[in-house]
Structures are given as structure tokens and as C-alpha cells.
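This report concerns only the one structure given below.
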Amino acid sequence: MSPNSQNTTEKASTDNANAQWGGRFAGGPSEIMQAINASISFDKALWRQDIRGSLAHAAMLAHVGIISSSDETAIRDGLTGIGAEIEAGTFTFSEALEDIHMNIEARLSERIGEAGKRLHTGRSRNDQVATDFRLWVRDAIDGLDQQAASLMRALALRAQEHAADPMPGFTHLQTAQPVTFGHHLMAYVEMLARDRGRLADTRRRLNECPLGSAALAGTSFPIDRAMTAQTLGFDRPTANSLDAVSDRDFALEYLSALSIMAMHLSRLAEEIVIWCSSPFSFIRLSDAFTTGSSIMPQKRNPDAAELIRAKTGRITGSLVGLLTVMKGLPLAYAKDMQEDKEPVFAATDAAALSLAAMDGMVRDMQANTAQMRALAGSGYSTATDIADWLVRVLKVPFRTAHHVTGRLVAKAEEKNIGLAELTLEDMQAEEPGITPDIYSVLTVDASIASRTSLGGTAADNVRAQAQRWLATLADTQA
């Protein structure tokens, strides 16, 4: 391209941009200014929401008589055609037009002429983007909620399968008491249920419509904000125009909910990494969720779990980044808020992929129940059962029973044997009232079976909880 032709192209581009600004600037922005100012590279993801909001706005304008019904029909047909162009990949996104709103509006005017220029009556890009963004986050919440429910179902099904299979329960990653593998998996069902609750709370609070707040002060046109809110599925219009265009609480709350969910997924991912390691060997993942080593042919690396663990940083970083963007902004809108979308988009992608990968691993993993059972009784894990027996049968105060049990553990350690291998004489030397019945509580199965309190690890408890959740989740299946 010759310098002259390049200049001609650049001038045409800036002239186009200037036209959209109504002739406010005599010259076009510099290349650097255009690059930093434009958001079309990422906010084009809002195109569906932008068209949906514009259709609702046009219908309202026609309903109250601000535009004619023929203009509304032309706008509707034009926007539908633009949507088809974007879907087909034939739409040209222009950086000179800055964002998705101006790109669609300019194309609409090209397609239908003067009627397209009437669409923006009674609104601003400020309330337009706030509406689009809320619609996008609302759609994202609905999708992630379905994914989280699917993962809960996978966990509950595996918990049902392993309701009675013992494994060591840990505190400080030290063997504490025997639990069942099913009970352990059900803990993550409860975490994900809270995650879904936080997403639902976020959705409920964001479900107010900013459209019609205009730039910051509302509009003098006799618009019907309740109509557009209802058309777009919002509960109500926002109450304050300043707040409506400058609020990004919904995005922050959404990122906060995703960060907590990512933390939960990371905890489970960490456990999967541990469980897959040779010293534990609690589970095995297939080739579908592992990779090999370039030089060690025996390796089976749980890379999917490790990457879920790592994506927590990306999601949490998005929250911290947006909090930092918003913390110093006076009312109302500021261009800083253009930085709100990329972290939300990136965190959503990371959360969706993490949920999908975890769902796959939970359904894929094969439990080594023999290994889990063998280790469930290690580390004197039934010591608490001795203390409980002393309290229950001999009516010994719990603190006293705790000290007696501690001395019995020390004696077993000294002899390098398990608690069940201590002789009755060994035990009676510490507490004369101990009878042979104490051996009935020293097995792993007896310990697990005794934990019948609400929320305890007894197999019947686990089965009941798994079944309850599966029945509840059946209503959420798409």
C-alpha cells in the first residue's frame, strides 16, 4: 500500500469515528489513543445482549410514541439481520467505532437508514453497557449453576457408591479418625450447594434494569422503564440513575462467588493430586485426565487437577483487579469501568472449564478401596473411640478419658503395635474398669458405624444424604 492510500484509509476511518461523535472533534484520535480507548476486541462478546436490549428499547419507544411503529419494525428487522451476520461471521467489527454498541448502531444505520439513528433516543452508552453487562452476567450465572449442579450429582452418585468404604479422615493432613470415602465426597456437595446459593443471591441482586438511566441523570423523554425491565426479564428498573450507570457491585459479587467456588474446586483438586500419588494411591484417573512424562514412562500425572488448582489464581486475581479499578471512582461513569469486562469474561471461562474438568474427573476416577481401608486404621485413628467408650460405659469424665487414651496410645507406640493389639492387662493398667468389650470399638468399621449423629460418617447417613441431594438436583437437570 502506498503512503497516500494508507493516509486515505486512515482518514476514512477517523472520519467514520468522527461521524459517530457528531462532529465533536476536528481530527481523529491518535493511533495510541484509539488503541487504548477501543474495547471492541473484547466487548463484542456482548453482542447478543446488546441486540436484545436494543430490541426491548425500540419496542418501548414505539409503545410510548417516541418513534413510529414502522421505524420500530425496521429497527427490529435490521437488528435481527445484524445478529445473523455476527452469527455467520460476516460482520466487520471496527476498532474505529470503539465498542460493540457503536459497531451495531453504525451497521444498523447502514442497513435501514434514518430509522436506525432514532434507536438511541432516551438512552446513553452508559446505561446501555450497564444493561448489557448485567444480562451477560445473568446468563453466565445460569450456565455455571447448571455446571455446578452436574458436578454435585456426580459427587453424590460416587458418594452413594462408596457410602460404606472406609478411608482415613484427616486433620492437619494427619490421620485423625476413620470416615468413608462417600462421606468425604459429600462434603464437597455441601460446598458447591453454598456456591450455587451465592450465585443465586448475586443473580437476584443484579436483576434490576439500568436502561433508561441515560448518561447519569435520566432522560426528558416519556419512556417506560418498567416495560423494558419486564421485557428483558428484570424484576424492576434501577431506582437511581447515578447508581445505575456506575454500579459494578454485581460484577464484583459475581467474581467473589466465583473465587470462593474456585477455592473449593482447588481444595478438591489438591486432594485428587494427593490421592493419585504413589504413597496414597487412593484413586486412579484414566488417560482422559492425566498426562505422561517426557522421560519417565511410568508416570501418570494428574494435570487436569493441577490446572484447576492453578486457575484459582486467575479467578481470584480478576476479583482483586476489578476491586482495584472501582475503589477510587467518583460518581458516575468513568472510562476506568471499561476494564470491568475482561476480568469477568476470563474468570467465567476459567470457572466453566474448571467445573467441566472436575465433573469429568469425579466420574472418571476409580477408588482403590482396599488401600483406603488399609490406611483408615493407621495412626491410631480409633483412639477417640476408646475415649468415647470410657465415657459411655464407665461414665468417666471426657477429659479424664482423653488422658487415659493418650497413655494407651503412648504404650502402643512404645511397643510399635496398633491399639487393638494391646492386651487387656495393658489397658487395665491405665484404667482398671476396662473390660474386653472395649475391643468392639477398636475396628475401623465399628468406629464408622458408631458415628450416627446428624452429619456423621455412618454409612446409612451418607446414603440418606446422597439420596436427598440427588432428589433435589433432579429438578435442576436441563
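The values are calculated or read from the model by the stated rules, or taken from the named source; none is laboratory data. In this text, all values refer to a predicted model and were calculated from it rather than measured experimentally. Here Cβ is always computed from backbone atoms with ideal geometry, including for glycine, and neighbour counts include all displayed protein chains. Heavy atoms of the whole protein, side chains included, go into the accessibility calculation; ligands, DNA and RNA do not. Shrake-Rupley method; radii C 1.70, N 1.55, O 1.52, S 1.80 Å.
Numbers below:
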item	result
Any hit, region 214-226, residues being outside any loop (DSSP other than H, G, I, E, B) and farther than 28 Å from Ala257 by Cβ	yes
Filter result for the condition that a residue is within 21 Å of the chain's Cα centre (by Cα) and surrounded by fewer than 19 Cβ atoms within 10 Å (Cβ to Cβ), over Ala374, Ala356	Ala356
Residue satisfying all of: in region 444-478; modelled with pLDDT under 90 and either over 26 Å from the mean Cα position of the chain (by Cα) or not aliphatic (A, V, I, L, M) (or both); least open to solvent (accessible area, probe 1.4 Å) among these	Thr476
Of all residues making up region 33-47, the number that are buried (at least 16 other Cβ atoms within 10 Å of the Cβ) and either without any contact (Cβ under 8 Å) to a residue 24 or more places away in the chain or not aromatic (Phe, Trp, Tyr) (or both)	8
Boolean, Leu375 is at pLDDT 90 or above, out of contact with any Cys (no Cβ under 7 Å at 6 or more places or on another chain) and closer than 27 Å to Ala187 by Cβ	yes
Matching entry among Arg399, Arg314, Arg392 (being open to solvent by 60 Å² or more (accessible area, probe 1.4 Å) and touching a residue at least 12 places away in the same chain (Cβ under 8 Å))	Arg314
Hits in region 317-356 (condition: touching a helix residue (DSSP H, G or I) at 6+ places or on another chain (Cβ under 7 Å) and of a type in the set (S, T, N, Q))	Ser318, Thr348, Ser354
Positions within region 433-443 being assigned to a helix (DSSP H, G or I), open to solvent by 60 Å² or more (accessible area, probe 1.4 Å) and either aromatic (Phe, Trp, Tyr) or in contact (Cβ under 8 Å) with a residue 40 or more places away in the chain (or both), in sequence order	Asp437, Tyr439
One residue from Ala217, Ala229 being under 30 Å from Tyr333 (Cβ atoms), of a type outside the set (Lys, Arg) and open to solvent by 30 Å² or more (accessible area, probe 1.4 Å)	Ala217
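A quick yes/no check of all residues on (1) polar (S, T, N, Q); (2) touching a strand residue (DSSP E or B) at 6+ places or on another chain (Cβ under 8 Å); (3) buried (at least 22 other Cβ atoms within 10 Å of the Cβ):
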position: Ala130; (1), (2), (3): no, no, yes
position: Asp139; (1), (2), (3): no, no, no
position: Gly143; (1), (2), (3): no, no, no
position: Leu151; (1), (2), (3): no, no, yes
position: Gly169; (1), (2), (3): no, yes, no
position: Leu173; (1), (2), (3): no, no, no
position: Ala176; (1), (2), (3): no, yes, no
position: Phe181; (1), (2), (3): no, yes, yes
